[in-house]
Each structure stands twice: as structure tokens, then as C-alpha cells.
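We did not get these values from a lab; they are worked out from the coordinates using the rules stated. All values reported here derive from a predicted model rather than from experimental measurement. Using ideal geometry, Cβ is built from the backbone for each residue, glycine included, and neighbour counts are taken over all protein chains shown.
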Amino acid sequence: MADNPAGKRRLPSLARGPVAGDVAADVAGDPDASTDFIGLAILILALVALGVFVSWSWAFIVTFIVFMIFMHEMGHYLTARWTGMKVTEFFIGFGPRLWSFRGGETTFGVKAIPGGAYVRIIGMNNLDVVPPGDEHRTYRVKSFPRRLLVVSAGSAMHFLLAIALLFIVLLVYGLPTDDDRWSVSAVSDRSAAAELGIEPGDEIVSIDGIEITDFAQFGEIVTARGAQEVGVVYRRGSETLTGTVTLGSRLTPEGAAAINGLLPRDRILSVEGVDVSGWDEVAAAVGDRTGEPLQIIVDPVGGSELLVVDEAVVSRLLPAEVAASGFFGVGPRRYREPSGIVDGVIGAIRGFGSYTRAVLVGMGELVAGGGLQGFVSDTLTGDIDSPAEQVSSSVASEREVAIRSQDARDPDEQRIISIYGAAQLGAQLTDDGFDAVLIFLAGLNISIGLINLIPLPPFDGGHAAVAIYERIRSIGGRTHRVDYAKLLPVAYGVVVLLVGVGLIAVFRDIVDPINL
């Protein structure tokens, strides 16, 4: 929970997993509510425009993030009211007021800058001047359990949302079954599967006369049959279909290392204007021009559009079984069995525990392992491209995502992401199914909940740490209250750090987006 000397609390933006940024300093605030709906209408139209002109996936993710922030503040609001504290404002966003209304003694509304949210609880500290008649309803005079409940309610709300989302996933989608059955989750463009007409939801029964038992076995069969014609039997609902197709081939790490400008899992489609479908045809098209610059057209790993590499150099022609492997072009989705209500609740709680441990480990590595320092230095120095010794400068910028995904020295999981980056990731995950989006949002809630428990002002955990410290110092009967004037330098320092890292995260997410 974040506040300033006037007693306003603010929810920071996301940072790793979540981010940084709590810059709005809306200290005074106009207590008069505005009933002008023009500002609210503009926000709703902006959200609809996002869905129409960008994607409805983006609109959904943005809406949920706003809802998530709202629920965080609702946790503080409800517990503050329940414990007898006075709440004068509840706003989504900061800056100029767009729309608001009065409900009892609280003004609710929306402001122009979507950087978070806040509720104003009077008397959050000794610097907040309160009329004498309201002193008995201030945060600072309430008992330790009540204060601790109020400051922790925001994170608790995130944790409850995470458990609810995981419960929905288990209840509707369930867990993978014990057997190895799978169906097609996605089909790659310009692949043998696409040529054959395979669709998501189809089940591959056999290939080249061999019955398919699991996806790993399927992969082994395909890998060994690059550029070969095979028969495929697949099932779509109750209908069994058959077809014949020539499998594609893609470069192995050894094959990619022999061609400057290409990467493992690239598929070569043309060499110097000659269409090729397998490594033997690639070798024939290259002929005796090893060591010379060649124009090669590839279907690149990590991309959706064909890529022309104008100065690719083939250093040596390896044997086909070394340079390339077979490629069919489908992804697997294991069959899942929905859980019952009781099993769903138990599974959601266990899943929450597992995700929490993973986030805590990630946060520890980010701080203690040098991840934060590396993220900031790489972004500020412009060293955001992974090593690209094998990629020509003309294509390096287009292929950075693909290179990074294969380079263990620069993993995306060590990055900090902004609200923009979180929305971008959530929108990408819609291609993997709505369950993937729900799991991502559950993890996002857990991350934000834990971030807000950091025991430094202006985080909620900072208020909790102060309350605990005051409680310990008050043992013996003499009430002790912390002078917040002494904490202001710490709070301002943390805010400056959050703003700085947040701006860097937004910049990084724009120029170097994470691609799943």
C-alpha cells in the first residue's frame, strides 16, 4: 500500500512479472464529485477501439488488469470500512479527474492516467492532518490487528483472485490425464500439416504406417523422415481421414552452424531462386558455391513471415542426416480431465503454493542473482540483442527474438516487464487457449501480491513493517508511533527506483518485446 504525507495510497504498476512506477502525486484532490459521463464514455470508447483496431485479446487483458487493480483497492476499502476507518476517496488512475460520483462519505471515480489506483484512508501517518472530530476513525489510532488487516488486504485480494482463476482452470479444463493421448493444438504455416489440411483438435492416428502412441514417439518418427513422402491417418471427431504428404525439413544446430545467417529450426525454401524442399535439394542448389554469398529464403524460427537472407554463406555441406531433420508442423495438447469442486479447490490451493514458491525464487534471483542489474545495464547500453555471431547484420534485428529463445545466457524469464509487456504476453497466450490466459493472470496476481508485500515504503509491506515495528516498541504499555518524516527519504528513493525501472521496462517491452 502506498501513500504520501496527505494520506493517499497508491498501487504501483507491475514489475517483473511486475514492474515499477508509482509516480502520480495527486495530493489534494477535489472532494466534489463530477457526474459528467463524457470522460467515462471516452474511456469505454478507447477500450472498444482497442478491441476493434488492435485485438479483442488486448482489450480483455487490459480490462482484467484494470479489474485486478480495482480489486486490490477494494480489499483495502472494505477492510478499512469494516474496521471503522474513514475512506474519503477511491479512484482508478491518477491525474485529472475524468468521472466520479459520491457514495456516502467516499468519492469514487476514474482519472486520466492509468498508472494504478488508490484509496484515501485518513490519518495513515503522523503527517496527515485530520480534523479532531475524525481522529477516532484514522488508520493510525486503530489496533495493530486492524491496521495489519487493512494494509495486507490488497495482496490478499490478489492471492484470492489467483486461487479463483486456478480453480476455474481445474474445474473447466482440468489436469492432463495419466495416459499419453494428445490432439493437435496448433498448425504451422507452410508446413506438411497445413498442406494436408490438419486442424487444431485433430488426433494423429498413424504416420508412415506406424501407430502413434505419444507425441515424443511421433516426433522421433517425423525427425527421421525429413523430405520423405509419408501416409498420414488422422481423426477429426468421429471421422477418420487419410492423406499423403511430403514432410518438410529444418536445420539442426549443426546444419545452422554451417550456414552464416541461419538458425537451428529454420526451414530453407529457396536457394538462389531455386525452390527446395529437403537437404538433398539444398545441397544440389548450392553445388560448388560453398564459401560464396548466396540468397536464401527461409521460413524462420520464431517468425511468421518469410525471410530473405541475401548474403548467406554455406561453409560446408554436411550429410543430410546431420544437417536437417524432418518437420510436420503441429503442436500437441494433452487430453485433460476436469476436476470436481473439492478436488478443484485443493488443486488450486496447491497450485497457488507452487506458483508462489516459483515467484519468490525468481524475485530472489532477480535481486541477489544480478538479474536486475543486468537488465538495467543491458537496456541502457543498448546491449539487448543476444549474441548473433552467426546472423548477418541485415537480418539481426528481425531475428533477435528467435536467437534469444535459443540462448541460455539471455533468458526472457530474467526480465522485468511493464504493464504494457504483461498485456502483450497475455494477448499472445490467447493463441494457446483461454486456460493459458487464466494461468498467466493467476501468476500475475501472485507476482503483484508478493511485490506489494516488500517491507519498504511505499509498498503495502512497508506499512505492515511499520505497524509491526510500532507494536514491538509498544510492548510494555507505552504507545510508540513512527515519525513518517524520517521515512520520507526512503519512500521517495524507492519511488524514484520504481519509476526508473518502470520506464526502462516499458522501453524494453516496446523495442525488444518478449515473443512466446
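In whole angstrom, how far apart do the alpha carbon centroids of segment 149-171 and segment 92-131 sit? First find each Cα centre; the distance between them is then 24 Å.
Note that segment 84-95 has calculated 3J(HN,Hα) couplings of x, 8, 9, 10, 9, 9, 9, 10, 9, x, 9, x Hz, one per residue in order, obtained from phi through the Karplus relation 6.51 cos²θ - 1.76 cosθ + 1.60 (θ = phi - 60°); glycine and proline are x.
Taking the number of Cβ atoms within 10 Å of each Cβ as an exposure proxy, the fewest-first ranking of 175, 166 is 175, 166. With the simple spin-label model, which puts each label point 7 Å out from Cα in the Cβ direction, the residue 496 to residue 46 separation comes to 3.0 nm. Each residue of segment 209-225 was assigned a 3J(HN,Hα) from its phi angle through the Karplus curve 6.51 cos²θ - 1.76 cosθ + 1.60 (θ = phi - 60°); the sequence is x, 9, 5, 8, 9, 7, 5, 4, 5, 4, x, 5, 5, 5, 4, 7, 10 Hz, with glycine and proline shown as x. Rounded to the nearest whole Hz, the Karplus-based 3J(HN,Hα) values (6.51 cos²θ - 1.76 cosθ + 1.60, θ = phi - 60°) of segment 422-427 follow the sequence 5, 5, 5, 5, x, 5, with x at glycine and proline. Remark on residue 269: its backbone amide H falls under 5 Å from those of 297, 298, 299, a criterion applied only to residues 5 or more positions apart or on other chains, H modelled at 1.01 Å from N.
Stokes-Einstein diffusion for segment 39-132, with the hydrodynamic radius set to the Kirkwood value over Cα pairs and evaluated at 10 °C in a medium of 1.306 mPa s, equals 108 µm²/s. Highest mean packing first, where packing is the average number of other Cβ atoms within 10 Å per residue, the peptides 213-226, 422-435 line up as 422-435, 213-226. Sorted on the mean count of surrounding Cβ atoms within 10 Å across their residues, most packed first, peptides 77-89, 436-448, 492-504, 475-487 read 436-448, 77-89, 492-504, 475-487. Residues of segment 439-463 with backbone nitrogen within less than 14 Å of a virtual label 7 Å along the Cα-to-Cβ line of residue 471, please, listed as ranges. Counting backbone N atoms under 14 Å from the label point, the list is 461-463. The charge dipole of segment 177-337, taken about its Cα centre with unit charges on the Cβ of Lys, Arg, Asp and Glu (plus for the first two, minus for the last two), comes to roughly 200 debye.
Projecting the Cα atoms of 253, 286, 231 onto the charge dipole of segment 177-337, computed from C-beta unit charges around the Cα centre, puts 253 farthest toward the positive end.
Each of residue 350 and residue 186 was given a label point 7 Å from its Cα along the Cα-to-Cβ line. The distance between the two points is 2.8 nm.
When the Cα convex hull of segment 177-337 is projected onto planes of every orientation, the mean area is 9.5 nm².
For residue 474, the residues whose amide H sits under 5 Å from its own are 480, ignoring neighbours fewer than 5 places away on the same chain, with H placed 1.01 Å from N. In terms of the mean number of neighbouring beta-carbon atoms within 10 Å, the peptides 96-107, 252-263 order highest first as 252-263, 96-107.
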